[in-house]
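What follows is a set of notes on a single structure, which appears directly below.
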Amino acid sequence: SSDLPALRVNQHPLINGAKALFESGRLSYGGEYLKPAKKLLVDLVVTKTGLDKALSFANQFLLSLEEHGHRVVIAPHGEHLSREEVDERESPGKHRHFNNLWSPGRDTVVYVGTVAIGLTIIEMSEDVQVRYVNGEYVREKDYVPPKRGRYAVDHTWTTTKDLPTGRLCLQAYSPYPMAKWKKQWRETNTARSLDAQIKGIVKELEEGSVEIARLV
């Protein structure tokens, strides 16, 4: 019937079904990042609110890579590839940072010729002033103090916390331990979205594959 949703022909196989698997996962400790139970999934480090945007970008990006003749897959079993560490903070501080974000069982890689390049899509977080109210953190700018009655006591306090921004970062890296190479493309409040940069990113990955091949 006509009200059945049309099957998306233009969906990359790695994106197919990923949304439900991410949404049914747990959340990271002290954060809002999704931790799906399934390990062989496209490499996204995102929150529930950032998931649709990340999947939409990932789909366009992976399809564009394949249109340029570059295969995008979950790394084959037995290839000794290692994933680059993820720091989701937009402005990493000096202090050591512990996160317990999900990581896939095997890398998401694009093969440019025979050279594999690892890909991770990250929703960045920023250091925000928050207020602790009744067991939860509220952004300070959204906090509404209680009406000042005779017995009103404001049992709250402020602190800073890393909260998701909805802005994406694409991290591309050499998965070969001998060859160190990493590049990031980030959205900012003023920069164009990653969607608008796909053509340029594909070109830079092609150039990067030549560099990695030299180092391996």
Suppose the filter is over 23 Å from Val86 (Cβ atoms) and without any contact (Cβ under 8 Å) to a residue 60 or more places away in the chain; does Tyr111 pass it? no
For Arg167, are the conditions met, namely being in contact with a Cys (Cβ under 9 Å, 6 or more places away or on another chain) and either buried (at least 18 other Cβ atoms within 10 Å of the Cβ) or closer than 22 Å to Asp43 by Cα (or both)? no
Going by what's in this entry, would Ile117 be described as assigned to a strand (DSSP E or B), open to solvent by less than 40 Å² (accessible area, probe 1.4 Å) and touching a Gly at 6+ places or on another chain (Cβ under 7 Å)? yes
Can you run down the residue pairs with Cβ atoms below 7 Å, 6 or more apart or on separate chains, where the first is in the stretch 13-32 and closer than 13 Å to Leu44 by Cα and of a type in the set (S, T, N, Q) and the partner is open to solvent by less than 30 Å² (accessible area, probe 1.4 Å) and part of a helix (DSSP H, G or I)? none
For the subset of the stretch 177-200 comprising residues that are touching a helix residue (DSSP H, G or I) at 6+ places or on another chain (Cβ under 7 Å) and open to solvent by less than 40 Å² (accessible area, probe 1.4 Å), which member is farthest from Ile121 (Cα to Cα)? Ala179
Filtering the stretch 18-48 for residues that are in a loop (DSSP other than H, G, I, E, B) and within 13 Å of the chain's Cα centre (by Cα) leaves a count of 6
Within the stretch 49-80, the residues that are over 13 Å from the mean Cα position of the chain (by Cα) and closer than 18 Å to Trp102 by Cβ are Ile74, Ala75
All strands (runs of 3 or more DSSP E) inside the stretch 123-214 with 1 or more residues being more than 17 Å from the chain's Cα centre (by Cα), touching a residue at least 12 places away in the same chain (Cβ under 8 Å) and farther than 21 Å from Asp87 by Cα: 136-139, 157-173
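The values are calculated or read from the model by the stated rules, or taken from the named source; none is laboratory data. These numbers were taken from a predicted model, which means no experiment stands behind them. Don't worry about glycine lacking a Cβ; one is built from the backbone with ideal geometry, like all the others, and counts go over all protein chains shown. Just so you know, the surface numbers come from the protein's heavy atoms only, side chains and all, with ligands and any DNA or RNA stripped out. Shrake-Rupley method; radii C 1.70, N 1.55, O 1.52, S 1.80 Å.
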